[in-house]
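Asks: Okay, here's the structure, questions in a sec.
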Amino acid sequence: MTTNKAPSNRTTPIHGMKGAKRWAYLARQKTVRVATINDDGSIYLSPIWYVVKDQRIFLPLDAGSKHAQNAAARGQMSAVIDSGDEYATVHGISMKGVLRPFEGAAAVEEIMALVFDKYFYDGHPYAESYFQFGKAAGRLILELVPQKWGGWDMRETSLPTVPESRVLPAFVQDRRIS
């Protein structure tokens, strides 16, 4: 796997998601936005649940899923996982790579157990129907294999809050502000 490096003429460091920080972030987040290429060359983009095991990313997809079809035909994908609600908290990871089938009954059961642990709980009102539908729809597991990574974490580059002084010019002080 390769990582993006800053251009040599850059004087400020790029803060990103690498190593253990990357994998911890991936394990905590809930949704990956995956883009694959359709037969006509257009892009199919959608949010998908995923789990991480042993620094590998697995997507549960129904057999009829457009991503599953595109992966079988072309395999290539791009994806992003991001979070943060304002400039100072935005952080995430982008990936380019391939989707490949993950097989083996015991291995698939283990991944589906991780899906249950991440998205459901005992007695969850939708868990049973999710897993029953998956069996009926031929749900399969694809492994998302990143070949190129990108990452950003504005929490590391944001400036601390600084008190601000607002002094208005003398000609403005005689006016009411409503």
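None of the figures in this text is laboratory data; all of them are computed from the coordinates on show. Predicted model, so just to flag it, every value in this text is computed and none were measured. Every residue, glycine among them, receives a Cβ derived from its backbone with ideal geometry; neighbour counts consider all protein chains shown.
Asks: As an exercise, use a Förster radius of 22 Å and the Cβ-Cβ distance of GLN29 and LYS135 to find the FRET efficiency, rounded to the nearest 0.05.
Replies: Details: r = 26 Å, r/R0 = 1.20.
About 0.25, to the nearest 0.05.
Asks: Still on this structure, please answer the following. Let's test the formula: R0 of 35 Å, r as the Cβ-Cβ distance of MET154 and ASP54. What FRET efficiency results, to the nearest 0.05? Show your work: numbers first, answer last.
Replies: On the way: r = 29 Å, r/R0 = 0.83.
Approximately 0.75, to the nearest 0.05.
Asks: Spin-label point model (7 Å from Cα, Cβ direction): what's the GLU128 to VAL145 distance in nm?
Replies: Distance between the two pseudo-spin positions: 3.9 nm.
Asks: Taking segment 45-126 on its own, what percent of its Cα-Cα pair distances exceed 14 Å?
Replies: 72 percent
Asks: Now, a different point. Based on the Cβ-Cβ distance of ASP39 and GLU103, what FRET efficiency does E = 1/(1 + (r/R0)^6) give at R0 = 35 Å, to the nearest 0.05?
Replies: Working: r = 25 Å, r/R0 = 0.70.
According to the calculation, E is roughly 0.90.
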